[in-house]
Amino acid sequence: MDRRDQALALAALGLLAGCHQAPKKLRVTFLDVGQGDSAVIETPSGKVVVIDGGGIPSDPSAPEAGTDPGTRIVVPFLRSRGISTIDLLIATHPDDDHVQGLRAVTERLAVRAALDSGLSAVSGSPMEQLRAAWKARGITVHTAKRGQSFDLGGGVRLEILHPTEPLLSGTRSDDNNNAIVARLVYGKARILFTADAEGEAEESLLKSGLDLSADVLKVGHHGSRGSTSARFLRAVSPKMAVLSCGRKNRFGHPHQETLTRLQQSHVQPFRTDQQGAILLETEGRQLSLMPLSSL
């Protein structure tokens, strides 16, 4: 089933969905939004968090070009799960392939609060439009900073590990290196979301002395060569990794060097470009990852 068929199937399910029923386990779905990021967290207490929403890729030859993954994939998925309210909507940084789809989520569902990186946005950009939509709807917006923690009920919490104050500057990409990095904790289970963090952000995290350990790593910057260093991998020590990237994307993501580092660290990779959406479930001890299409 290709992405268009998956989207239609999700939309059909959305028409049938009723009220959101909290899952018995913590559930994280890494959506296939092409060359971008989007993840949906559902907690056993019924809380819902959306991290990024994908966006139109800059490559006009990409199959997703000219479409909005928020409308096409993210909103239909949320409706298929019976979700009508988002407790926390996170825009990790202003890149279009992360935030563009969040506008459709904001306009079509109820959003209780948003978490913003606080980074400047280009006039008329999807990030500026998203902030305007938040303001128009009176949504409470928090600015992310290291040390924040969001209680998601039932022992689930979301720890904000990055950005730090002051923000990093003069890096290869200040937007990427000041993107929100968050760790989801439930019992003994740990999931680390690294957005588009590159080497400089990883070094900041390593020097912070924070506990970075996680069972599952959402690999930074779609598996680019400049992210997921060997030192960072040793500190995180994940068993599994998720790489969110588009099929045959022009950036060459994920880079072979990154895949080799994962292999050398004995980390099992899951790729949205090859397997579609990836589902993670845990009761707080054991974790399972599998392609959503396999269910």
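Classify segment 195-295: rounded, prolate or oblate, from the alpha-carbon gyration tensor (a ≥ b ≥ c, eigenvalue square roots; a/c under 1.5 rounded; otherwise prolate if a/b is larger than b/c)? Oblate, because a/c is 1.5 or more while a/b does not exceed b/c.
You can think of it this way: the chain between ALA230 and ARG247 has 3.6 nm of extra reach, that is 0.36 nm per residue less the Cα-Cα gap. Helices meeting the span-like rule in the chain (full DSSP H runs, Cα extent of at least 18 Å along the helix axis, mean Kyte-Doolittle score of 0.5 or higher): 3-16. Converting phi to 3J(HN,Hα) with the Karplus coefficients 6.51, -1.76 and 1.60 and the offset θ = phi - 60°, segment 245-252 yields 7, x, 5, 6, 5, 6, 8, x Hz in sequence order, with x at every glycine or proline. Restricting attention to the chain, the count of lysine pairs at 8 or more positions apart or across chains with alpha carbons under 15 Å apart stands at 5. Computed about the Cα centre, the dipole magnitude for segment 3-282 is approximately 780 debye when only Lys and Arg (+1) and Asp and Glu (-1) carry charge, each at its Cβ. Decide, for segment 103-212, between rounded, prolate and oblate: order the square roots of the alpha carbon gyration tensor eigenvalues as a ≥ b ≥ c, take rounded if a/c falls under 1.5, and otherwise choose prolate if a/b is larger than b/c, else oblate. Oblate, since a/c reaches 1.5 and b/c is not below a/b. Relative contact order of the chain: 16 percent, from C-alpha pairs under 8 Å at least 6 residues apart in sequence. Our coupling estimate for segment 71-86, obtained by passing each phi through the Karplus curve with A = 6.51, B = -1.76, C = 1.60 and θ = phi - 60°, is 6, 7, 10, 5, 4, x, 5, 4, 5, 5, 8, x, 8, 10, 10, 9 Hz, Gly and Pro reported as x.
Loop-located trypsin sites (Lys or Arg not before Pro) across segment 180-224 with a Cβ neighbour count of 12 or fewer within 10 Å are LYS188, with loop assigned by DSSP. In this simple spin-label approximation, LEU206 and GLN286 carry label points 7 Å from Cα along the Cα→Cβ vector, and these lie 3.5 nm apart.
Listed values for segment 286-291 are Karplus-derived 3J(HN,Hα) couplings in whole Hz (6.51 cos²θ - 1.76 cosθ + 1.60, θ = phi - 60°), namely 8, 10, 10, 10, 7, x, and x replaces Gly and Pro.
Give the separation of the Cα centroids, segment 182-220 to segment 93-163, in Å. Segment 182-220 and segment 93-163 have Cα centres separated by 19 Å.
With Rg and Dmax of the Cα atoms in Å in mind, check (i) 17.3, 50; (ii) 26.0, 93; (iii) 26.0, 100 and report the label derived from this structure. Checked against the structure: label (i).
Quick note: the coordinates plus some simple rules give every number you see, no bench work behind them. Since this is a predicted model, take the numbers as computed values, not measurements. Neighbour counts run over all protein chains shown; Cβ positions are idealised from the backbone, glycine included.
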